[in-house]
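The values are calculated or read from the model by the stated rules, or taken from the named source; none is laboratory data. Quick caveat, the model's predicted, so the values are computed rather than measured. Neighbour counts run over all protein chains shown; Cβ positions are idealised from the backbone, glycine included. Surface accessibility is based on the protein's heavy atoms, side chains included, excluding ligands, DNA and RNA. Shrake-Rupley method; radii C 1.70, N 1.55, O 1.52, S 1.80 Å.
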Amino acid sequence: MRLKASVFASFCLIIELLGIALYLRGFFPVPVKSSLSSKSKLSDQPAEPLAGSGPNSTQLPPPLFKRVVIMLIDALREDFVFGPNGKRFMPFTRQIVEEGSSHGFIAKARAPTVTMPRIKALTTGSIPGFIDVVMNLNSPALLEDNLIRQAKDAGKRIVFYGDDTWVRLFPRLFAEHDGTTSFFVSDYTEVDNNVTRHLDSTLKRADWDVLILHYLGLDHIGHISGPHSALIGPKLLEMDDIIKKIHTSLTARVAPSPCPVPESEDAPPDLLVLCSDHGMSETGSHGGSSEPEVSTPLVLISLAFPRKGGAFQPSTVEQVDLAPTLALALALPIPRNSVGRLLPAVVEQAPLREQLRLLHLNGHQLSSLLRDSNPTYQRQDGYELFRVAEKAHGNWMKLYLEGNTSEVLGNLGRKVLKQYLEALQSMSLALSKQLGRYDMYSMIVGMGLILEVLALLLLAMPEALGGAACVDVPLAPACLSLPFCLLGLLACSTHVLMCTSAEANCYFCSLPWPLAFSALLFVAALLCSLAAMAGKRFSLAGDPRPKVSAPGPVGRLQAGKAARDELAMLSVSGHGDIRPTGAHPHAIEAHSDLHPSHLCHICSVAGGNIAETAGSSFLAQTRSQVPGDSSLDWTLSELDILLLTGTVGQTLSLGASSFIEEEHQTWYFLLNTLCLAVFQDVCRKYFKERRALDEEREESSLLPSTTDGDPLQPSFSPATELGVSLGAEKWLALTTPLLTLVCCRLLRSLNQTGVQWAHLPDLGHWLNNGDHKVFLSVLAVFSLLLIFLLVQRHCSLVSTIALALGLLGIYSYRAAVGSVLFPWQHTSRSISKGTGEARFVYVFVLGILFTGVKDLLCSQVTAAGGGGHLRSRGLWEVYSGMVLLVALLLRPHNLPTLACCLLLQTLMVQFVWERLRYDAAQITIMHYWFGQAFFYFQGNSNNIATVDISVGFVGLESYVEVPAVILTAFCTYAGPVLWACHLMCYLSSERDRAAGALSHGCYCLAVLRSVPAALYVALTTALRYHLFIWSVFSPKLLYEATHVLIAAAACLIFTAVDHDHACSL
């Protein structure tokens, strides 16, 4: 089966995506939750330990609190309460913590620090799987045993107001609820007012037992403007007033009706819990494992606690500790899968017998979970400690029931208490380390598919980069071979064995048998194809026979005659390209099988003088067309060595967690080194080459032009297009790499990213400060003007007008939301959502995209009659529409990043890439490097917290899942997407570009993404028990998967744009 290189690359990436999806499904297995029928019950609670044969009690201690109010403030960092600004922005809460009847803790959350997994942790006491970060957008009902279900089954009435994630997780469990959409981050006022408006009437009623309030405004402010925004302070003061109102109501015991009923003096007091699901990073987002993201406040306020005085230092606990603490405090069973432990400070005022009983219940639950999840549970230190403490507890109970009041009883009780606490800590830690069981079978099958695709791409390199850009894949013969039958039989037998004997659930085994067998047979077919291709390559490499002529005089005479025949069919163009006389440039493919030695014979007989650069370029192309020729040496330039070693070195660096956290530094270094290497090539071009090369006819730009003439007409030079002299063009070419270095250095200062230095102030923070809004406005105007000047040169008149109006609408949108200023705008103007202005821009984005797609479709129809110009213009207009959309989504301080991206693309095309005649592979690798660097210039990192989800709601009045996800993903990967699109525009131009350039670029892009993806999959498999597997390696794995998805989409578009799909047999 013979395929075009672009079709082959797209096919490989699609298969790789399937392998990655299967691998991710095994690496991030959806946690198997307990069914509702297996939840903890009161009847299942163990009896109180008692030595001897006397009767012991199975009853739980009485509840410590009557009613509980849980106030969850989304993204509340611990320093907002306990830090220096706590007294300023939350004075009442800080006073209660330091002087009132309360207990304060710093609760540590686990990655991923997003809302849905954190709610699960708070209510179940378990550690959710990392894949829950993906499921956060569409939370299914929680089937795992949880605190809300236990309270409902105990007859307690639960009222909820706030984030509708709770409503989706716990359907039909709330007696009353009013949910608000949590993903519409542009709203930070109404989303909280919708909760507070119910508060007064609810607090006056006595028909509820548990009240849950989830406030989202603080989190939305963080996403919009960060933790240091001027909006943070007023929002914290608002939350502090609400805490004061709730506390006053609970302590006053307001009667629910005009005829109050006196409460019993023995009734327990109420409890107010102030907590948060996660913190907030220095950029205002969350999802990672940095200290500001995982450190949250946990404040328990109740009259049952003693008043404190003097200095206060909060202790550190785990977030999952809240679930067993509240369960025991309300006399409810602890959720079955909870790994948390009781907070001793909450029960320290209870009698010693009740304290020991509560600790024993917690220990029994943890030991049961440890026994069910760990076959070697008996060798765990925590389990042994619990058994010792339980036995000592029985002895204490015997003395207690005998009426012993000596000091021995007290000492023994305190000793048992200490033993219980040590056992609980040890068992909780052991269970927390068991975050999940890997589905190794699915992982191995997925990884095997990924590695097969990589090997397939590498073996096809000589053919894919040849002049014909076609790859011969022996898939059909492989399927008819005996090894395929044997491998298929072995794979299917292994599958049956694994699925019938494995104890753990396996996703691949859950697939229908025909589908699983088909997948395994396909893997076997790929393996046989790989073996056939490898055998073909090695046989060619070991064949010493000459390819052109026989040795000796006869051979030379035959070669001379053949050279004269070829010379009659060839002509040398003014650009140094060898083509058939009178043929279109694409016709060069007909001679793609010329041997280099044959070419030398032709040139020697003709006595032609071919330009050195063109001859060497064609020779290099011809080398690649003759794989396995042992008489040829692969000649690599210094730039080739740099591009290859840099790409391989960056891939190998992913094996270290520190290099993953600071990957941006690697790309910045590679980009700077590339600029210096290009500068060296430019100097050679203008100062060391022969003067004859400087007198050649000026070469044309590869970017599309607005000229509507014949696409085959002689093109004009960059100097003519930009209106500069030839001498000025030389100096502009020399300064382009240096200007690139300057731009990269400025962009590095714009956004601090990574982990180690992300907390340091950067230029973006300075610009976003309210005091510097004038500077930000001026910078935004300058950036938008530069974007217009760089893009409009190659657009049609209609698209140019739409582009200008769209950029004006972008500034109006940013002014409407308060990011920048209009010259006539008053500072007191109220801030709006800017929905109308954003939709105004969307109209022009869609219009430009529609115009570009129309031209592309027309070029497909008129491809044979000169449709290349329409294709180039259509691609550029599609690119222009994407630029306009990126400009709308990026925050104002990031607009210079987009402007610099377009400026560097223009300068590189006009003065470097075209002048130095880099081939398609070199151009593709350079675009890939620039795209990766600009991914980090935007402020992104390998941490989920740097994903700006606020861009998903630009122009939306309510949360709509599909547009929000698409806009967020597009903005996050704007750098790689724009550089890939520019690569397509560049390679698809017909001026002085070989017909296979687009296929070459598509193939190189597939290899560039497959190599790091395959290596990283193997690394994560080997390091799956690494200490940082969930905090560092797992987020990077998700990023790599998304990068492959984007590369696959780009290759599919490359293939659709490429007119030459067929390969001659």
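Odds and ends about this structure:
- Each of the peptides 980-987, 636-643, 10-17, 1042-1049 was scored by the mean count of other Cβ atoms within 10 Å over its residues; in descending order, highest first, they stand as 980-987, 10-17, 1042-1049, 636-643.
- Heavy-atom accessible area ranking, 1.4 Å probe, most first, across L1037, L421: L421, L1037
- Cβ crowding within 10 Å averaged over residues, with 188-196, 531-539, 159-167 ranked highest first: 159-167, 188-196, 531-539
- Nitroxide proxy distance, nm - points 7 Å out along Cα→Cβ at A252 and E99: 2.1
- Estimated at 0.36 nm per residue, the fully extended path between M498 and R1024 surpasses their Cα-Cα distance by 187.2 nm.
- K433 versus T316: modelled label distance in nm, points set 7 Å from Cα along the beta carbon direction: 1.8
- Residues of segment 734-767 with amide N under 20 Å of a point placed 7 Å along Cα→Cβ from L676: 734-749
- Accessible-area composition of segment 360-519, carbon plus sulfur, in percent [1.4 Å probe]: 63
- Long-range HN-HN contacts of H278 with modeled amide H, under 5 Å: A75, L76
- Near L18: Cβ cut-off under 14 Å, other residues only, Lys/Arg at +1 and Asp/Glu at -1. The net charge is -1.
- Qualifying lysines (Cα of each under 16 Å from Cα of K235; at least 8 residues distant if same chain): K87, K244, K245
- A cut-off of 5 Å between modelled amide H atoms, ignoring neighbours fewer than 5 places along the same chain, links V473 with R2, L3.
- Top positive-direction residue, dipole computed over segment 167-249 with Cβ charges, set T181, L169, G222: L169
- V774-E422 FRET efficiency (beta carbon distance; Förster radius 45 Å; 0.05 resolution): 0.15
- Around the amide H of T180, modelled in the peptide plane, lie the amide H atoms of G162, D163, D164, all under 5 Å away and 5 or more residues distant in sequence or on another chain.
- Remark: segment 755-860 carries a charge dipole of roughly 220 debye about the Cα centre, counting +1 on each Lys and Arg Cβ and -1 on each Asp and Glu Cβ.
- In terms of the mean number of neighbouring beta-carbon atoms within 10 Å, the peptides 749-762, 809-822 order highest first as 809-822, 749-762.
- Cβ-Cβ FRET estimate between S518 and L482, R0 fixed at 30 Å, reported to 0.05: 0.90
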